[in-house]
1. Please grab the % of Cα pairs in chain B that end up more than 26 Å from each other.
2. Kindly provide the pair-distance distribution of the protein assembly as shown built from C-alpha pairs, with 10 Å bins from 0 and whole-percent values in order of increasing distance.
3. To check my understanding: the extent here is largest minus smallest coordinate of the Cα atoms along each principal axis. What are those three numbers for the stretch B:3-130, in Å, largest first?
4. Quote the convex hull volume per residue of the stretch B:107-237, based on C-alpha atoms, as a whole number of Å³.
5. Could the peptides A:35-45, B:68-78 be put in order, highest first, of the mean number of other beta-carbon atoms found within 10 Å of their residues?
6. If you place +1 on the Cβ of every Lys and Arg and -1 on the Cβ of every Asp and Glu, how big does the dipole about the Cα centre of the protein assembly as shown come out, in debye to the nearest 20?
7. What order do you get for A:Arg134, B:Arg163 when you list them from fewest to most C-beta neighbours inside 10 Å?
8. When the Kirkwood radius is taken over all Cα pairs of the stretch B:143-320, what Stokes-Einstein diffusion coefficient follows at 37 °C and 0.692 mPa s, in µm²/s?
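Throughout, read-outs are computed from the coordinates displayed, never taken from laboratory work. This is a predicted model, so every value here is computed, not measured. In this analysis, Cβ positions are derived from the backbone assuming ideal geometry, glycine residues included, and neighbour counts consider all displayed protein chains.
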Amino acid sequence: MLKIIGAVLIIIASASIGRLFAAKLHQRQICLSQLQQGLLALEREVGFAATPLPQALAQAALAANHGGVVFTAAADLLVNGEGLSAAEAFEQSIAESQLAISKEDRQILADLSAGLGLSDCDDQLKKIELIRLRLQSAETEAKEQYASWGKIWKNIGWSVGAVLVLMFI
Amino acid sequence: MSVALQILPYLPPSLRLLLASLTPVEWKIMEEIRLNLNLPVSCRFHDNEAFVASGGGLTNEFGRAHILNNKEMEQCLLLLSQSSFYALEEELRRGYITLPGGHRAGLCGRAVLAAGQVRTIKEISSVNLRLARQVADASLTLLPSLFDQYNKLCSTLLISPPRAGKTTLLRDIARQLAGGRMIEPLRVGIVDERSEIAAMRGGISQLDLGIRCDILDGCPKAEGLMMLLRSMSPQVLICDEIGSEADAAALIEAANAGVKVVASAHATDCDELAARPVFAALLHAHAFERLVVLSRRRGPGTVEGIYDQNLQPLEAGGLVC
């Protein structure tokens with residue numbers, strides 16, 4: 001009886017680990033999509049209303065849902081009055097945020113920070129659009145990765161659990 | 001909110017500490033804070049100027065003064081612009097940024113030209129923070145002179161060099177006319193191109209302008225005067241620092257549309273004003289029935305003289321608003 005309970009627990013645990021890896025891939029895809037929504041809102045605020053960055057980032061955060069933490073943190077750093085540049089604030093918020101994205105995705109976001117807010121409207125819009133397009137291709141890659149690796153991770157979880165049970169039996 | 005609380009957040013943290021050490025009295029009489037790169041930070045008062053000491057407080061000794069470094073200037077510009085230069089393209093083109101409370105940060109540096117016009121300013125080396133204050137009832141002594149014998153408001157132009165109290169008076173005239181506490185209230189329309197008269201923030205005026213005031217914020221004067229005239233049925237139109245031909249044309253249009261206009265302009269006296277082509281046209285069209293010349297001779301708001309539309313003196317000067 002104890003062996004059966006142990007076997008079931010091992011299979012559940014390994015299956016969960018597999019699902020966790022698959023979920024991480026799925027979350028990355030969602031997060032990248034949310035960040036793009038945020039950047040679209042930022043483009044709108046900068047281009048249409050010439051809204052200053054703290055308020056524009058707050059609007060972007062609203063549009064980006066859970067992915068908006070990076071925008072909210074940057075906006076907070078800008079309004080706290082320490083005289084940080086937008087680049088410093090954005091870099092700090094990327095480093096401190098718990099986003100489900102890869103190191104490469106973080107680098108794409110970090111590239112947005114260089115010169116953020118420091119040039120005219122057209123230049124800012126080009127810069128934000130470029131980063132949004134790079135995130136879009138990262139999202140496409142994340143989708144493909146999930147399509148191919150998502151199922152694999154889930155199956156590996158079950159399989160490893162079953163193999164371990166067989167080995168112990 | 002006090003002026004210090006409004007201004008300090010826009011200064012670099014190191015300088016903020018030094019200026020926070022100034023006494024409330026010093027803040028009360030302060031008119032300008034001047035920041036020049038690699039030079040002492042100074043404060044201008046009614047009739048004197050002092051450096052900000054590196055240990056806090058004020059000093060007249062150059063050696064004890066706090067010298068503004070590159071990092072502080074950079075921080076100050078980031079704070080003034082909220083790190084959003086793209087949102088201030090028009091302000092940078094004109095050389096100043098208006099802050100909440102109606103305060104103004106004048107900027108000097110290297111002008112970048114495009115098609116012969118100033119596109120922006122870069123390598124900023126000087127920032128002049130001009131502190132705005134609402135002086136309640138500042139126009140009360142002047143106001144009776146702005147009405148004719150039938151008790152009708154006359155279109156009025158306030159004339160003075162910078163720092164003589166034009167905007168303060170204009171703001172209080174608007175408040176008195178729209179508030180109607182001393183006189184029959186009038187519907188006032190304000191074109192606040194530089195956000196100095198009303199200091200609008202999020203659609204709410206930061207300064208008291210009476211209850212019958214429509215404020216068009218950040219709009220070019222010529223366009224704004226026509227917009228207000230057509231849409232808000234004002235009895236009085238108010239705008240600050242007119243100077244272009246378009247402004248003059250719009251003022252003449254408004255003056256001939258049954259609306260009274262109260263405006264201000266830079267000049268030392270009526271002769272200087274009349275020598276400028278734009279104002280010569282305005283005077284010729286009798287767009288203004290009263291010209292009030294102001295100076296700082298006995299403090300900001302000193303009335304040097306009040307003239308009629310033919311530039312004939314109506315009242316002697318000496319009055320202080």
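1. Values: 25466 of 51360 pairs.
Beyond 26 Å sits 50 percent of the P(r) for chain B.
2. Reading upward from the zero bin: 4, 16, 21, 20, 15, 9, 6, 4, 3, 1, 1, 0.
3. 46, 30, 27
4. Details: hull volume 19.5 nm³, N = 131.
With only Cα atoms used, the stretch B:107-237 gives 149 Å³ per residue.
5. A:35-45, B:68-78
6. Working: 46 positive and 52 negative charges, 302 e Å.
Dipole of the protein assembly as shown, to the nearest 20 debye: 1460 debye.
7. On the way: A:Arg134 18, B:Arg163 15.
Lowest count first: B:Arg163, A:Arg134.
8. 206 µm²/s
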